[in-house]
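See structure below.
The values are calculated or read from the model by the stated rules, or taken from the named source; none is laboratory data. For clarity, every value in this text was computed on a predicted model and none was experimentally measured. Note that we place each Cβ from the backbone using ideal geometry, even for glycine, and neighbour counts take in every protein chain shown.
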């Protein structure tokens, strides 16, 4: 299943998704594309901790916007912006309440499919140079 | 002519004149006759009467004998200072000129010289009180003397003429006054005027009465005045009350419905007045009234229309207001103001300026709300919504206004008016609805993601289709419970029983379920119910619910974790199960769900233990 030769091979992608079953599916799909999945984590607190891990550079992130209990992923997005890490939003919400800088981001409409997820993550990473291992 | 004869003749003239003056009221005829008698008596054949026209400063030849008809009644001459006439009036007694050719006291008017007058006598006529009426002038074409007896005769004659003229002038003035009065009364057709005798029988019925009531004077003469009253007023004695009151008080108001000849009704506003002669004897009654039926009908219609508007606007829960477009002052404010704006209506009406209202509007919306009002004054219809800060409780409320101009008959904006309603609740529920729709979108999209994920993991396994179907049903039950509770929460007991009842009969001692009422949120319910489902299907396939032997106890309580977070602790305990270790120990997808999904999404702690006679599972779930 692993695609060691694909464009995502070896890339470190953070996955933030509060729903276990969806997180699990996304993890599985990304691993299948050769991605080194960071997470998945269900909330802001865990995500910020992973972003802040010293010496571990992220290549990108897939963020669920609505993290439940009133929590949103914008704080994570801001931190990623600071670090120059590209990210995309995966959201089931119709209305975009994002701030302008978030609105320009690539997004994924839920429910996700494997193809959509992989394609959008590839596009996300195509816009930024991959780090060298 | 002997003196005696002359004396007798002159007495005769005076007597004849006196007689005529007594029986005639025709001033011109009397004056003409006076001239004729004087001309005869003095044998000149010529005499005339000059009337002073004080206003014009002229003398008019009012009557005359022996003079040309072109002169009598027509000729006027200025009252000059040096004329014989002015001289005579000033002298106050007859002035004689034997020969005007030799006269050096005054001038004689040219027309008299032209007519050949040589001698003349001017006798002034004074009215009682001393005012000069004019002159009696006797002329002769021959120079002649006027004897003392003749002068005395003329003086007497002039003294008789004065009072006679005065009486006739007075009579003429009286007559014209009376005539004027009669004309006035008869032309007052808007007023019913009639007179009745002391027994209240109609004696005089003026044209106005006929116009208002329809009867002619002939028809009502002698009839009781009460025929103009309605039967009900007659029955209750109102007609007698009115005449009695007039008799006692002098006058009684007559303001009531009356009846016409044709039976229709007419509303009269007027009075009944008692007429008394100078010694106080009752002569009758004067009734004067105006037909105000049309005005009254109009007033009645207006009153009804106002009443209708009042009922409508006072019953309305929407606020109705009207402002004068000129002063912009409030003219009307319906009672709903007090509920919507929460202030006293009277206080706002009293100083009903726009500014006063604007003060109630939220500062951020004030300018816009004011500009709307002025757009309406310019003739536009507007709908707008703004916030107010309700003075009674300081709450911010949303008001929706529909404002419109009211035009006068020339098309100018005369008033502006509007309907206002408090739409705070409607706005809030619409906002809530919006949130719900968004939440529903979010949830249903997530749910599909969950189902997809579960499907991909389940369908590959042995018996996968049935398991998948069962899991879908579990999800569906959980969703059903959420919508059933209405509050977007579900109760733990209901979730547990719902899941168990889908597979078995929930009845002790086989299955015991107990715990307090605990509500879980929507996001908790989905994973929690799936976990319950996995526990249940596991029990049905391998554990306590597989056969008669096993027992299941599900109990829960609310307690606090070490961080002081409120949590649910649920114990799932199976007993009396003949364990088949080879099957139950494998770590299937179901167990993964129980252990991982709850921990991941709900930060729950789960312990899943295979005891000696069955599964023991403890789920500790932080409550939100």
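Taking the criterion of being at positive phi and either in contact with a strand residue (DSSP E or B) (Cβ under 8 Å, 6 or more places away or on another chain) or at pLDDT below 90 (or both), would at least one residue in the range B:572-582 satisfy it? Let's see the steps before the verdict.
Kept after step one, since they are at positive phi, are these residues of the range B:572-582: B:576.
From what is left, the residues that are either in contact with a strand residue (DSSP E or B) (Cβ under 8 Å, 6 or more places away or on another chain) or at pLDDT below 90 (or both) are B:576.
Yes: one or more hits.
For the condition surrounded by 15 or more Cβ atoms within 10 Å (Cβ to Cβ), in a helix (DSSP H, G or I) and touching a helix residue (DSSP H, G or I) at 6+ places or on another chain (Cβ under 8 Å), what is the one hit in B:151, B:165?
Residue meeting the stated conditions: B:165.
Can you name every one of the strands (runs of 3 or more DSSP E) wholly within the range B:246-291 that holds 2 or more residues which are touching a residue at least 60 places away in the same chain (Cβ under 8 Å) and surrounded by 15 or more Cβ atoms within 10 Å (Cβ to Cβ)? Reasoning before the result, please.
On the way: elements: B:251-259, B:265-276, B:282-291.
Where strands (runs of 3 or more DSSP E) fall fully within the range B:246-291 and carry at least 2 residues being touching a residue at least 60 places away in the same chain (Cβ under 8 Å) and surrounded by 15 or more Cβ atoms within 10 Å (Cβ to Cβ), they are B:265-276, B:282-291.
If you take the residues in the range A:1-19 that are within 14 Å of another protein chain (Cβ to nearest Cβ) and either within 20 Å of residue A:80 (Cβ to Cβ) or not in a loop (DSSP other than H, G, I, E, B) (or both), which one is modelled with the lowest pLDDT?
A:18
Residues B:352, B:394: which one is loosely packed, with under 13 Cβ neighbours inside 10 Å, without any contact (Cβ under 8 Å) to a residue 40 or more places away in the chain and outside any helix (DSSP H, G or I)? Spell out the reasoning first.
Numbers: B:352 fails: loosely packed, with under 13 Cβ neighbours inside 10 Å.
Result of the check over B:352, B:394: B:394.
From B:4, B:59, grab the single residue that is at pLDDT 85 or above and either in contact with a helix residue (DSSP H, G or I) (Cβ under 8 Å, 6 or more places away or on another chain) or more than 23 Å from residue B:116 (Cβ to Cβ) (or both).
Among B:4, B:59, only B:59 is at pLDDT 85 or above and either in contact with a helix residue (DSSP H, G or I) (Cβ under 8 Å, 6 or more places away or on another chain) or more than 23 Å from residue B:116 (Cβ to Cβ) (or both).
Does residue B:134 satisfy being part of a helix (DSSP H, G or I) and assigned by TED's automatic domain parsing to the domain that holds residue B:66? Outline the logic, then answer.
Working: part of a helix (DSSP H, G or I): no; assigned by TED's automatic domain parsing to the domain that holds residue B:66: yes.
Criteria not met by residue B:134.
Any residue that is within 8 Å of another protein chain (Cβ to nearest Cβ), in contact with a helix residue (DSSP H, G or I) (Cβ under 8 Å, 6 or more places away or on another chain) and assigned to a helix (DSSP H, G or I) - is there at least one of those in the range B:431-443?
yes
Being within 14 Å of chain B (Cβ to nearest Cβ) and buried (at least 21 other Cβ atoms within 10 Å of the Cβ) is the filter; apply it to the range A:44-65 and report the residue that is nearest to the chain's Cα centre (by Cα).
A:62
For residues that are farther than 21 Å from residue B:26 by Cβ and touching a residue at least 12 places away in the same chain (Cβ under 8 Å), tally how many sit in the range B:167-189.
Count: 5.
Could you grab me the full set of residues in the range A:61-92 that are assigned to a loop (DSSP other than H, G, I, E, B) and over 17 Å from residue A:26 (Cβ atoms)?
Scanning the range A:61-92 gives A:69, A:70, A:71, A:84, A:85.
Which pairs turn up if I take residues in the range B:215-240 that are touching a residue at least 60 places away in the same chain (Cβ under 8 Å) and assigned by TED's automatic domain parsing to the domain that holds residue B:202 and look for partners that are surrounded by 15 or more Cβ atoms within 10 Å (Cβ to Cβ) and assigned to a helix (DSSP H, G or I) with beta carbon separation below 8 Å, at least 6 apart in sequence or on another chain?
B:225/B:239; B:225/B:243
Going through B:54, B:82 one at a time, which residue ends up being surrounded by fewer than 21 Cβ atoms within 10 Å (Cβ to Cβ) and within 60 Å of the chain's Cα centre (by Cα)?
Values: B:82 fails: within 60 Å of the chain's Cα centre (by Cα).
Exactly one residue qualifies, and that residue is B:54.
Just the residues that are under 21 Å from residue B:43 (Cβ atoms) and in a strand (DSSP E or B), please, taken from the range B:59-109.
Those that are under 21 Å from residue B:43 (Cβ atoms) and in a strand (DSSP E or B): B:63, B:64, B:65, B:95, B:96, B:97.
Scan the range B:415-423 and give yes if some residue there is farther than 30 Å from residue A:70 by Cα, out of contact with any strand residue (DSSP E or B) (no Cβ under 8 Å at 6 or more places or on another chain) and either surrounded by 18 or more Cβ atoms within 10 Å (Cβ to Cβ) or within 14 Å of chain A (Cβ to nearest Cβ) (or both), otherwise no.
Within the range B:415-423, not a single residue is farther than 30 Å from residue A:70 by Cα, out of contact with any strand residue (DSSP E or B) (no Cβ under 8 Å at 6 or more places or on another chain) and either surrounded by 18 or more Cβ atoms within 10 Å (Cβ to Cβ) or within 14 Å of chain A (Cβ to nearest Cβ) (or both).
Within the range A:20-43, how many residues turn out to be more than 9 Å from every other protein chain (Cβ to nearest Cβ), free of Cβ contacts under 8 Å to residues at least 40 places away in the same chain and part of a helix (DSSP H, G or I)?
Residues in the range A:20-43 being more than 9 Å from every other protein chain (Cβ to nearest Cβ), free of Cβ contacts under 8 Å to residues at least 40 places away in the same chain and part of a helix (DSSP H, G or I): 2 in total.
Those residues that are loosely packed, with under 13 Cβ neighbours inside 10 Å and assigned to a strand (DSSP E or B), I need them from the range B:359-391; list them, please.
B:383
Quick one: is residue B:190 closer than 21 Å to residue B:273 by Cβ, exposed (fewer than 15 other Cβ atoms within 10 Å of the Cβ) and touching a helix residue (DSSP H, G or I) at 6+ places or on another chain (Cβ under 8 Å)?
yes
Before we move on, is residue B:489 farther than 27 Å from residue B:559 by Cβ and in contact (Cβ under 8 Å) with a residue 24 or more places away in the chain?
In short, no.
Out of everything in the range B:451-492 that is within 14 Å of chain A (Cβ to nearest Cβ) and under 26 Å from residue B:516 (Cβ atoms), what residue ends up being modelled with the lowest pLDDT?
B:488
Would you mind finding the one in B:117, B:123 that is assigned by TED's automatic domain parsing to the domain that holds residue B:65, closer than 23 Å to residue B:36 by Cα and part of a loop (DSSP other than H, G, I, E, B)? Break it down stepwise before answering.
Numbers: B:123 fails: part of a loop (DSSP other than H, G, I, E, B).
Every option except B:117 fails the conditions.
Residue B:545 - would you say it is touching a helix residue (DSSP H, G or I) at 6+ places or on another chain (Cβ under 8 Å), within 28 Å of residue B:440 (Cα to Cα) and at pLDDT 85 or above?
Criteria not met by residue B:545.
If you check B:317, B:334, which single one turns out to be touching a residue at least 40 places away in the same chain (Cβ under 8 Å), farther than 30 Å from residue B:219 by Cα and touching a helix residue (DSSP H, G or I) at 6+ places or on another chain (Cβ under 7 Å)?
B:317
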